[in-house]
Each structure stands twice: as structure tokens, then as C-alpha cells.
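**Q** Have a look at this one before I ask anything.
The values are calculated or read from the model by the stated rules, or taken from the named source; none is laboratory data. What you are looking at is a predicted structure, and each value in this text was computed from that prediction instead of being measured. In this analysis, Cβ positions are derived from the backbone assuming ideal geometry, glycine residues included, and neighbour counts consider all displayed protein chains. The accessibility values were calculated without ligands, DNA or RNA, using every heavy atom of the protein model including side chains. Shrake-Rupley method; radii C 1.70, N 1.55, O 1.52, S 1.80 Å.
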Amino acid sequence: MLSGPFYISTTLYPQTLSGFLFILALTLTLVTPRGTVLNMLTGFSFGALILEVPTFLFTTVVVLGAARFLKIIRWRDVLLIALAASLIVGAWTSRNAVCFHRFVPIASNSGANFLMGNNGQATAYEAAANSGMEPYYQQTRKLGLDEFQSDRFYQEAALNWIEAHPDRAFVLYLEKALNFFNIMNVYASQNHAEISAWKQIAMAAGYLLLLGLLGWRLIEVRRFPLIPREKLFLAVYVLSAFTTAIFFTRIRHRLPYDYLIIAIIALHLSHRLEIWMAAQRAPKLPLDNPRAPHSSAMTKT
């Protein structure tokens, strides 16, 4: 993938580890036959993934729901995986309660991320770069709120804005979902040096290549129907646009999901290669072979 290395090769972004955990959890989900140990390991992987990037909580629900709908796993498997993931998240929540004497389910920045994507000046493509957050920052400093109180304040401010502007919030949500598939983002001024123009062009070209190969796979869907795991990957990829849009969407946030379409492309190319190799191995009848249909016809005449 051409777009990913420019983000993660020089900086330890959460998407580096979350990409690994996401692929691990998906791989374990697809393993058969399934047993209690495998389901627990799968759940632990999802739990660690949620701790790394909390928005993957929604993705976990999507993955398990889609996998059950496609009959890849059973309801018993879903329950055990969910239980194991809950144990990981619950253990971290208990740790937060002991250390901070507060109920902090996963992290104390979910409210800020929620407000970044849901305020009067928010746009689909700016995310944290929008200037609408500064008044809220100033207000929390003025009120003397601590980290946890500030996060609660941001969450309530976002909910109040959504309640006061439901139509605008819904349109913004759809715009953010569409921005999930964007080839470029707007960056804050301090990040312009890190993400130069040529890097953005390279990222855009890489993603367009992936989309083109995915389009080729979908064009051939009548000839080569999607197998269950391809359906799972495609469903999770599309639906993840709507789960991440609850907060805000960025190319960097999409990177772990891009492995899904890479997997679909790889499966298709592998299948195509098998067909080509089988055709190369098939015996070719010589033109003078008496068993060949055209030779028989010539003999009869």
C-alpha cells in the first residue's frame, strides 16, 4: 500500500499497532473449526484493539454481526468473543477507576474527538484542524476543568449541538462518511511540513490504484461470485465509514481498514493466477490429432 508508509514509517501512530491487531482479530475470526480457546483469543485481540483505538468498539460489533449474518461464526462464538473482549476492556476500566477514582471506560479524549466532528464550525474534511474547537478549549480553561471534566464538557457540547441542529448534524454525518474514502485531507498549518504535496499525491495515487483493483474485482462478480470472507471484508470496509463518521474521518484513521480491500484484491489475483496456471498446464492437442473435432470433420469429408 503506497498511502500508509508516509503516515506510519517515521511516527508511531496508533494505526500502526491497530492495523496489526485488526488483521490478527479478523484472521482468528475466520479460523475453523472453532472452540472456546480460539474464541477467547479472538476476543482478547478485539479487546486489545479497542484499547488501542476506542472507535474500533463499533467496528468489532460490525465484524461480529456481519460474520454471524454470513454464517462464518455461530451465536455461541459471538457471545464468547464479546465476553473475552469485555474482560480486556473491563480490566482497563477497573484500572482507571483505581488510579483516577473516576469511571473512565477506555480513554479520556472521546468527548474531544466527538466534538471535533460535531460542532457549528466542523466540516467533513478538516477534523482536528478546524478552528471551531478553540472556544471550547478556552472555556474549559476558564472554568478550571480537569482532564475528565473537560472531556465530559466536550461530549455534552457536541450532543447539545446535534440536538439543536439535527438536520445539519445528519448532513455532516453523511459528508464525514463519504470523506472516509477521500484521497486527500486538509491538515493543520503545523503539519504541512510533515505531509508535503508530493506525499499527498503519492498517497492519492496509491489509494486510487487500490480502488481500481477493487472495482475490477466487483466487475467480475458475476463470473466469480464473492466468497463469504470477501463479503465480510467488503461489508466491514463500507460500514466502517459510518462508524468512524460518528466522530470524524481521516485517511490515517482509514489505514487499518485498507488492509481489507488489499485482502479482497489478493484473493482475486490469487484466483486469477490459479486459472492461468491451470490453463498453462492443460495438454494442448496437436492439429493433426485424429480425436480433435476439426480433424474428424475433415476425415468424414
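Okay, residues lined up against (1) in a loop (DSSP other than H, G, I, E, B); (2) at pLDDT 95 or above; (3) surrounded by 22 or more Cβ atoms within 10 Å (Cβ to Cβ):
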| residue | (1), (2), (3) |
| --- | --- |
| 7 | no, no, no |
| 32 | yes, no, no |
| 47 | no, yes, yes |
| 51 | no, no, no |
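**Q** Does residue 204 fit the bill of being open to solvent by less than 20 Å² (accessible area, probe 1.4 Å), within 25 Å of the chain's Cα centre (by Cα) and at pLDDT 90 or above?
**A** no
**Q** Would you be able to tell me the number of residues in the range 121-165 that are surrounded by 14 or more Cβ atoms within 10 Å (Cβ to Cβ), hydroxyl-bearing (Ser, Thr, Tyr) and more than 26 Å from residue 184 (Cα to Cα)?
**A** Here the count works out to 4.
**Q** Is it fair to say residue 186 is hydrophobic (A, V, I, L, M, F, W, C), closer than 25 Å to residue 122 by Cβ and touching an Asp or Glu at 6+ places or on another chain (Cβ under 6 Å)?
**A** yes
**Q** In addition: Can you tell me which of (1) surrounded by 17 or more Cβ atoms within 10 Å (Cβ to Cβ); (2) within 20 Å of residue 15 (Cβ to Cβ) is the one residue 27 doesn't meet?
**A** Condition (1) is where residue 27 drops out.
**Q** Could you list, in sequence order, the residues of the range 98-119 that are loosely packed, with under 13 Cβ neighbours inside 10 Å and part of a helix (DSSP H, G or I)?
**A** 98, 99
**Q** Let me spell it out: the conditions are (1) closer than 30 Å to residue 136 by Cα; (2) modelled with pLDDT of 95 or more, and residue 67 meets all of them except one. Which number is the exception?
**A** Only one criterion in (1) closer than 30 Å to residue 136 by Cα; (2) modelled with pLDDT of 95 or more is unmet by residue 67, namely (1).
**Q** Same structure, new question: Every residue in the range 54-66 that is open to solvent by 20 Å² or more (accessible area, probe 1.4 Å) and among the hydrophobic types (A, V, I, L, M, F, W, C), please.
**A** Within the range 54-66, 57, 58, 61, 62 meet the criteria.
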